[in-house]
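Here the structure is laid out as structure tokens; the discussion comes afterwards.
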Amino acid sequence: MDNLSVKLVWNKSPDTAVKNAGINNSTLLFMAQELKRLYNPYVPKDGGPLSSEVNTYVKNNVGVIHYTQPYAHYQYTGKVYIDPAINAAGFLTSNGWLSRKGTKVPTNRDLIHQRTYHPLATSLWDKVAYPQIIDKYTRATQNFIRGRMP
């Protein structure tokens, strides 16, 4: 048996390959918007605007999903944050969690997400949702690139 040798030469830059595949700013924006839509059932909601006040845009050739509420980070991490100087025990007061601006630190206490509006609500919603939505997301993106809206 003869040894067969194969040499592969890639003649296109990664940027060119991406452009030829139909990936441009409009595609990246669509992809961010589609992920936002598919992630929504996993985003905590308890009457507040976290899941509805979201910006999608393209920055530095990356689609971005930006949850704009100040408490988004805390909901995403799923941990109770406190200001240790004011409220070392982490008690909830009638005015909410007491803290000075920029002083909150995470505890090892998990947040309990309200699931009345979004039964799948969880922290790290993108990581939890992604395996569930990847097929829908891939089909929608392929259809968009092909010029067919999902």
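The values are calculated or read from the model by the stated rules, or taken from the named source; none is laboratory data. What you see is a predicted model, and the numbers here were worked out from it, not measured in a lab. Reconstructed Cβ throughout: ideal geometry from the backbone, glycine too, with neighbour counts over all protein chains shown.
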Going through segment 122-149 one residue at a time, which ones are assigned to a loop (DSSP other than H, G, I, E, B), at pLDDT 95 or above and among the aliphatic types (A, V, I, L, M)?
L124
Restricting attention to segment 101-127, and to residues there that are over 15 Å from the mean Cα position of the chain (by Cα) and among the polar types (S, T, N, Q), which single residue is surrounded by the fewest Cβ atoms within 10 Å (Cβ to Cβ)?
N108
Condition first: assigned to a loop (DSSP other than H, G, I, E, B), of a type outside the set (K, R), at pLDDT below 95 and at positive phi. Can you find one or more residues in segment 42-58 that meet it?
yes
Going by the conditions given, is L4 modelled with pLDDT of 70 or more and loosely packed, with under 10 Cβ neighbours inside 10 Å?
yes
Could you run through segment 28-64 and say how many residues are in contact (Cβ under 8 Å) with a residue 60 or more places away in the chain and β-branched (V, I, T)?
1
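Just to be sure before I move on: is G63 at pLDDT 90 or above and on the phi > 0 side of the Ramachandran plot in the structure I sent?
Criteria not met by G63.
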Answer yes or no as to whether Y71 is of a type outside the set (K, R) and modelled with pLDDT of 95 or more.
no
Need the failing condition index for Q33 against (1) modelled with pLDDT of 80 or more; (2) loosely packed, with under 11 Cβ neighbours inside 10 Å; (3) not small (G, A, S); (4) not in a strand (DSSP E or B), just the number.
(2)
